[in-house]
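Participant: Structure incoming, see below.
Just so it is clear, none of the values below were taken in a lab; they were calculated from the coordinates. In this text the structure is predicted, and so the values were computed from the model without any measurement. Every residue, glycine as well, gets a Cβ built from its backbone with ideal geometry; the counts of neighbours run over all protein chains shown.
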Amino acid sequence: MSAVAADVLGPRPTGRWSRRLSALVIVAGAAAVLLPLAWMVSTSLKPESQVFRTPIEWVPSTVRTENYREAVSLIPFWRYALNSLLVAVPVVIGTVVTSTAVAFAFARMRAPGMRWLFVLVIAAIMLPGEVTLVPSFLLFKELGWVGTYLPLTVPAWLGGGAFNIFLLRQYFLTIPREQDELARVEGHSFVSILLRVVVPQSWPAISVVAAFEFVHVWNDFLGPLLYVTDQDSYTLPLGLNFYKDIYNTQWAHLMAASLLALLPCILVFFLAQRAFTQGIVLTGRR
Amino acid sequence: MTAANAPVSSEGAGIVGTGPSRRGRRRVPAARRETWAAYGFLSPWVIGFVGLTVGPMVASLVLSFTDYNLVDAGNTSWVGLGNYREALTEDRLVVQSLKVTTYYATLAVALDLFVGLILALLLNTGFRVIGAIRTIYYLPAAVSGVAVSLLWLWIFQPSSGLANALLDLVGLPAIDWVYSTTWVIPAFVLMSLWGVGRSAFIYLAILQRIPTNLYEAAAVDGAGPFTRFRRITLPLVTPAIFLNLVLGIIGNFQTFTQAFVISEGGPANASLFYTLYLYRNAFRYFRVGYAAALAWILFALLLVLTLVAFRSSRRWVYYEAEDLR
């Protein structure tokens with residue numbers, strides 16, 4: 001199979017060489033992808049005096065781990081991390097719970113107008129967020145929610161995003177219906193069918209949604225920029241941006257703080273790696 | 001499938017209706033109960049869609065015809081198409097931001113489509129270490145936002161950043177990157193190319209579904225590698241190219257965080273992305289009405305681009321009917 005696939009690139013006699021060449025390119029490309037992160041780690045461990053040294057010292061001659069301790073005390077890093085978590089946890093839970101419920105209805109239930117509603121879900125995926133940005137701000141301002149986390153968290157409990165609904169609905173459609181028909185014959189409610197039949201078979205898709213959503217909310221900048229006004233309530237992205245303005249040239253500390261901020265996402269990525277690569281295939285999400 | 005299930009579910013509903021577990025509940029026809037249950041499940045999304053999408057969209061449209069100001073809301077008056085006229089004929093920064101954004105989006109999308117496809121073809125040659133390699137290529141997708149923008153700001157530092165160090169390594173002169181009106185957009189494109197693994201995986205998923213006997217048959221017929229690529233591989237990946245194209249256009253036109261953190265629109269507005277300019281109008285100059293008009297112009301533009309993409313897709317996107325079943 002793979003030999004034939006290799007043929008797409010080169011004719012059979014040179015197949016081995018074309019494969020070696022493509023292997024080389026792939027490894028070189030992977031190295032290029034890793035390079036910025038390696039540079040980030042390297043910078044974060046250097047004394048500030050060595051940061052600007054050329055040619056580049058990839059392995060610092062003096063390793064300075066204190067950068068990390070200082071980076072988290074130069075700004076209230078852990079406070080901001082906690083704030084980020086206070087936003088991320090309700091958003092991820094709300095997204096998973098409500099998008100699962102909505103997707104289940106679209107995949108399994110019949111009611112007048114459902115097809116029409118689903119067309120709206122698809123349309124909502126295409127809608128650029130800018131169109132609703134300003135009036136949403138005015139709405140939350142009117143509600144007195146500006147300065148709280150509510151504008152960031154509450155929307156997640158209202159369907160959890162059209163994209164996630166679409167993804168989960170597509171996944172639920174691949175689950176055979178026999179079991180939930182049986183459960184309905186036995187008198188189970190839709191809620192219990194969802195929880196006992198559909199959800200246990202859908203963890204791959206649900207973890208895609210949870211992982212994507214966590215990464216998205218953890219890195220979100222525009223939302224907190226609009227709605228978080230008090231410096232004590234800053235999330236990590238806001239804190240880092242603020243830090244950049246104050247300690248403009250302290251690259252080692254800035255890289256240390258940035259790396260720490262990215263760590264949860266990298267962790268989630270490795271935990272949900274399969275889900276991630278599947279999710280991108282399922283959805284093409286950016 | 002649905003037709004075959006229909007009798008089962010109505011029969012099942014009969015049993016449910018008379019079953020002992022239904023303590024004293026009035027018998028409601030199953031279909032009607034299903035309808036209400038469905039609406040119940042859908043209600044969070046419907047509330048959100050009406051309250052946070054449709055409502056704001058209508059409000060945004062209405063606002064775009066006014067001179068609503070965030071700090072002087074009492075003095076709002078109706079200006080008709082005034083905002084649109086100003087944006088499209090008087091405001092040079094709108095033209096500039098559209099130029100910048102289109103330039104960036106075109107380069108970023110084109111490179112993403114091209115490099116992504118090449119990468120997918122290479123990854124599809126089926127060699128061993130793909131598991132680990134796959135992880136590496138997809139890693140940039142897990143990280144984004146301010147922290148990554150700061151990383152690239154450091155990479156693009158003219159005097160001691162990684163980018164110029166690499167240029168120096170191959171004997172090329174240093175570039176001012178994000179501090180140069182010429183290079184700031186290419187710098188952002190380079191940064192976006194870092195995440196090319198994403199689109200490569202969409203292609204890869206399709207490539208791996210192409211049955212090998214198609215290639216075997218073509219080889220028997222004397223088709224060379226280039227012909228096989230052009231006649232088999234390329235047509236079959238066009239749906240993925242199309243998906244990446246549409247999502248790429250929509251996504252790249254909304255570039256904000258990188259521009260805000262790295263270059264703040266500069267130098268000399270050379271990276272004044274459209275969304276950044278919209279944000280400034282709304283939240284720095286408090287010109288909410290004007291910003292709403294800008295949002296609708298963007299929306300109309302994206303709608304037209306998407307429709308053009310969909311229209312043209314009939315000519316170049318190949319949707320397999322029975323070939324691959």
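Participant: Which of the peptides B:241-251, A:94-104 is most tightly packed, and how do the rest follow, judged by the mean count of other Cβ atoms within 10 Å per residue?
Facilitator: Packing order, densest peptide first, comes out as A:94-104, B:241-251.
Participant: Against the globular-protein guess of 2.2 N^0.38 Å, express the Cα radius of gyration of chain B as a ratio, rounded to two decimals.
Facilitator: 1.35
Participant: What does the helix-only formula give at 222 nm for chain B: each DSSP H stretch with n ≥ 4 adding -39500 (n - 2.57), the total divided by the residues, and the result rounded to the nearest 500 deg cm²/dmol?
Facilitator: Counting only the DSSP helices, I get -20000 deg cm²/dmol.
Participant: Neighbouring Cβ atoms within 10 Å as the yardstick, rank A:70, A:213 fewest first.
Facilitator: Fewest-to-most ranking of A:70, A:213: A:70, A:213.
Participant: Let me know the volume per residue of the alpha-carbon convex hull for chain A, in Å³.
Facilitator: Normalising the Cα hull of chain A by residue number yields 195 Å³.
Participant: Right, another one. Return the inverse of the average 1/r over all pairs of distinct C-alpha atoms in the range B:68-142, which is the Kirkwood hydrodynamic radius, in Å to one decimal.
Facilitator: 17.2 Å
Participant: Here is a further query. So how far, in whole Å, is the C-alpha centre of the range B:262-323 from the one of the range A:186-224?
Facilitator: Cα centroid of the range B:262-323 versus Cα centroid of the range A:186-224: 30 Å apart.
Participant: I would also like to ask the following. Is the shape of the protein assembly as shown best called rounded, prolate or oblate, per the rule: a/c under 1.5 gives rounded, else a/b larger than b/c gives prolate, else oblate, with a ≥ b ≥ c the square roots of the Cα gyration tensor eigenvalues?
Facilitator: Numbers: a/c = 1.58, a/b = 1.15, b/c = 1.37.
Since a/c reaches 1.5 but b/c is at least a/b, the shape of the protein assembly as shown is classed as oblate.
Participant: How far is the Cα center of the range B:95-118 from the Cα center of the range B:183-252, in Å?
Facilitator: About 17 Å separates the Cα centre of the range B:95-118 from the one of the range B:183-252.
Participant: Quick one: B:319, B:274, B:84, A:243, fewest Cβ neighbours within 10 Å first, how do they rank?
Facilitator: B:319, B:84, A:243, B:274
Participant: Let me ask something else about it. Given a cut-off of under 8 Å on Cα pairs at least six residues apart, what relative contact order in percent is computed for chain A? Could you put the intermediate results ahead of the total?
Facilitator: Details: 255 pairs, mean separation 84.0, N = 286.
Relative contact order comes out at 29 percent.
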